[in-house]
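In what follows, a structure is listed as structure tokens, so that the remarks can point back to it.
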């Protein structure tokens, strides 16, 4: 159940970052995209790290996976989608490490 708490926390941190980087004009679409990519990557990352995988390697893989997925959600701004994936995960990782 702890992982659900961290999933929600991750989405709350990453959503404003995604909105700013992608332009956020269609906030419902940004919300949907952020929730979708995190519902896919967060459980896999949680399992991988708890199984002993390198946190840095997992975080890198998550950034790549989310960049690909966000590019699908935002095809006109693929570069921004990749930047969003990187920014979202850097910010949430930093907050997670601080807390």
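A few comments on the model shown:
- Selection count where residues are at pLDDT 95 or above and surrounded by fewer than 19 Cβ atoms within 10 Å (Cβ to Cβ), scope segment 84-93: 4
- The lone exception for residue 16 - which of (1) surrounded by fewer than 15 Cβ atoms within 10 Å (Cβ to Cβ); (2) closer than 14 Å to residue 87 by Cα; (3) touching a helix residue (DSSP H, G or I) at 6+ places or on another chain (Cβ under 8 Å) it fails: (3)
- Of the residues 34, 22, the single one that is within 23 Å of residue 97 (Cβ to Cβ), touching a residue at least 12 places away in the same chain (Cβ under 8 Å) and either surrounded by fewer than 16 Cβ atoms within 10 Å (Cβ to Cβ) or touching a helix residue (DSSP H, G or I) at 6+ places or on another chain (Cβ under 8 Å) (or both) is 34.
- Within segment 65-99, the set of residues being outside any helix (DSSP H, G or I) and touching a helix residue (DSSP H, G or I) at 6+ places or on another chain (Cβ under 8 Å) comprises just one member, 74.
For every residue, the table says whether it meets (1) more than 13 Å from residue 14 (Cα to Cα); (2) under 9 Å from the mean Cα position of the chain (by Cα); (3) not in a helix (DSSP H, G or I).
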residue: 38; (1), (2), (3): no, yes, no
residue: 46; (1), (2), (3): yes, no, no
residue: 49; (1), (2), (3): yes, no, no
residue: 52; (1), (2), (3): yes, no, yes
residue: 60; (1), (2), (3): yes, no, no
residue: 63; (1), (2), (3): no, yes, no
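- If you check 77, 41 for being on the phi < 0 side of the Ramachandran plot, surrounded by fewer than 17 Cβ atoms within 10 Å (Cβ to Cβ) and in contact (Cβ under 8 Å) with a residue 12 or more places away in the chain, only one passes: 77.
The values are calculated or read from the model by the stated rules, or taken from the named source; none is laboratory data. Since we're looking at a predicted model, the values are computed, not measured. When we count neighbours, we look across all protein chains shown, and the Cβ atoms used for this are built from the backbone with ideal geometry, even at glycine.
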